[in-house]
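Worksheet: one structure, shown below.
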Amino acid sequence: MIASDPQAFVDWNAKASAFVASLRKESKASGWVRSDLPAICEPFGTEPYFNEIEFNRPLKSIPPAYRPLVAEWQAYLNKTAGLSIRITMANAKTGEPLTKSIPYVHRWTPIYRKSLLAKLYALDAYLGPDVRDVEMISLTTYQRGRDPMACLLQLKAYLGRLIEIMRKRFGTVDYFVILEPHKTGYPHAHLAYFRKLTDYEKNQLRLAWSCVIKAGDLPHGLFFSEPQASHDGTYESGSIGGIRNYFMKYVSKGLYAAEMSPAEQLFNAMLWDSHTRLWSCSRHFSKVMARPVTEANPDWEFLEAYVCDPDGNALSKVSKKFKPTDDDMVNWDQLIEAA
């Protein structure tokens, strides 16, 4: 990153210092200050040392402090495994009622996996089979001795700030970002940024992540990787091939609950508890992956819906005005359509 020539180093250091100073000034003017972070993240550098996870070693078991949370998450999965939603509608012309049941859906259910795969198929079709002109960026925060939940919340806030900085520097650019657990259980992020960057621009982002946002260290915090050629020769170096296959290898670590390692269990329990999405993308990509809008069938009118246990007994009535969380993905238009 830094030339070996002494004068070149002096010139680069001067440019870097000027860039950091200007970006810090922009950050203050734009409100990119640490006060927007959750309280659990403050104060930085003074948190109690978290010693239940060995640094940079595979997590062999759930840390004692997080065993209750992981147990609650697993109980949530067990509790919702057999649930269904019973929807009652009426024919608008005859008044005849119709009742149907559909599975209860959240992000760890097979139906959600299929819907996410369908979204990636749609993005795949849009981008084509040989995706180039994209930068693959890995983002890591400081982790040694820090509480993993605090690291997750910090990473969420830092990602938003970095994307805002990139938008101001490079304009509106498509991106896809996904969170993944490290072997220790700590989270990091993979960002596919659909614009090629110069070496100078890459250095700007490294400095922004480390010296302005202060999310991670300069050598390892923000890392660029070049996609490698596929083993069968289908794709050359520099191409990630199909976007669907590239991202599903990360998504799968957050979907198959029965096959998760301790690190993956810890990671997903934290996602569930903090209502953190596993992935996000640019507005344009979101529109590309959206389901086609279908008009409501005027022949049917929604009456009521209940969450039911495996035996079909009603547990609770659900209002049509119910606003779902990221975990409990109830969309009434889709539910009525599916029924």
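The values are calculated or read from the model by the stated rules, or taken from the named source; none is laboratory data. Nothing here was measured: the structure is a model prediction, and the numbers come from that model. Methodologically, a virtual Cβ is constructed for each residue, glycine included, from the backbone with ideal geometry; neighbour enumeration extends over all protein chains shown.
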Could you list, ordered by first residue, the pairs with Cβ atoms under 7 Å in which the first is in segment 82-102 and free of Cβ contacts under 8 Å to residues at least 40 places away in the same chain and the second is among the small types (Gly, Ala, Ser), at least 6 apart or interchain? Glu96/Ala90
Being among the aliphatic types (A, V, I, L, M) and modelled with pLDDT of 80 or more: is that true of Val288 here? yes
When residues of segment 110-134 are limited to those that are touching a residue at least 24 places away in the same chain (Cβ under 8 Å) and of a type in the set (Ser, Thr, Tyr), the one farthest from Asp311 (Cα to Cα): Tyr126
When segment 70-107 is checked residue by residue, the ones that are basic (Lys, Arg), loosely packed, with under 15 Cβ neighbours inside 10 Å and closer than 16 Å to Ala314 by Cβ are Lys79, Lys100
Exclusive hit being assigned to a loop (DSSP other than H, G, I, E, B) and closer than 23 Å to Arg277 by Cβ, set Ala215, Ala122, Ala157, Ala189: Ala215
Please verify whether segment 90-103 includes one or more residues that are within 28 Å of Ile213 (Cβ to Cβ), small (Gly, Ala, Ser) and either out of contact with any helix residue (DSSP H, G or I) (no Cβ under 7 Å at 6 or more places or on another chain) or in a helix (DSSP H, G or I) (or both). no
Please indicate, with yes or no, whether at least one residue in segment 137-148 is more than 23 Å from Arg67 (Cα to Cα), buried (at least 20 other Cβ atoms within 10 Å of the Cβ) and of a type in the set (A, V, I, L, M). yes
Restricted to segment 46-67, and to residues that are under 15 Å from Met149 (Cα atoms) and exposed (fewer than 11 other Cβ atoms within 10 Å of the Cβ), which residue is modelled with the highest pLDDT? Pro64
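Considering Lys168, Lys196, Lys183, which residue is part of a helix (DSSP H, G or I), at negative phi and among the basic types (Lys, Arg)?
Answer to the selection: Lys168.
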